[in-house]
1. Taking the stretch 64-95, which residues are under 12 Å from the mean Cα position of the chain (by Cα) and among the small types (G, A, S)?
2. Identify all residues within the stretch 1-21 that are without any contact (Cβ under 8 Å) to a residue 12 or more places away in the chain and part of a helix (DSSP H, G or I); write none if there are none.
3. With respect to T42, is the statement that it is in contact with a Gly (Cβ under 9 Å, 6 or more places away or on another chain), farther than 17 Å from A17 by Cβ, outside any loop (DSSP other than H, G, I, E, B) and of a type outside the set (A, V, I, L, M, F, W, C) true?
4. Here is a list: G24, G49. Which entry is at pLDDT 95 or above, part of a strand (DSSP E or B) and small (G, A, S)?
5. For the stretch 43-68, what are the residues that are surrounded by 11 or more Cβ atoms within 10 Å (Cβ to Cβ), within 25 Å of T84 (Cβ to Cβ) and out of contact with any Leu (no Cβ under 7 Å at 6 or more places or on another chain)?
6. Search the stretch 57-80 for residues that are more than 21 Å from M1 (Cα to Cα) and pair each with any residue that is aromatic (F, W, Y) and in a helix (DSSP H, G or I) when their beta-carbon atoms are under 6 Å apart and the residues are at least 6 apart or on different chains.
7. Which of the residues belonging to the stretch 69-83 are surrounded by 12 or more Cβ atoms within 10 Å (Cβ to Cβ) and either part of a helix (DSSP H, G or I) or among the aromatic types (F, W, Y) (or both)?
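The values are calculated or read from the model by the stated rules, or taken from the named source; none is laboratory data. For clarity, every value in this text was computed on a predicted model and none was experimentally measured. No Cβ is skipped: glycine too gets one built from the backbone with ideal geometry, and neighbour counts run over all protein chains shown.
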Amino acid sequence: MRMLLNVVFPHEPFNSAVRNGAAGATLRRILDDLKPEAVYFTEQNGHRGATLIVNVERASQIPALAEPWFLHFNADCQFRIAMTPEDLQQAGLEELGKKWA
């Protein structure tokens, strides 16, 4: 299933990685390994951040997606299930509406 992986980088150690030239290569290595469907870098509450769209078949895959960010950048990671319009159409909203009316 598709998930949004939201990553928030604290200023340190990311600033140090930028200063010593390691940030770009480390990010590239992580992204090459994770193979996200898409990735966007952005500001999040005054910190550097990234939002990735990843495919997860099993919950046991989550540590492999999060650990590189934790270990290299002390980053915070949040995972959210993401649905396409087609996924939402298959959710049975009409039936759920009747059941819980």
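1. Scanning the stretch 64-95 gives A64, A66, A75, A82.
2. Across the stretch 1-21, the qualifying residues are N15, S16, V18, R19.
3. So T42 passes the test.
4. G49
5. If the condition is that a residue be surrounded by 11 or more Cβ atoms within 10 Å (Cβ to Cβ), within 25 Å of T84 (Cβ to Cβ) and out of contact with any Leu (no Cβ under 7 Å at 6 or more places or on another chain), then Q44, G49, A50, N55, V56, Q61, I62, A64, A66 are the ones that fit.
6. These pairs meet every condition: F73/F14; A75/W69.
7. W69, F70, H72, F73, F79, listed by residue number.
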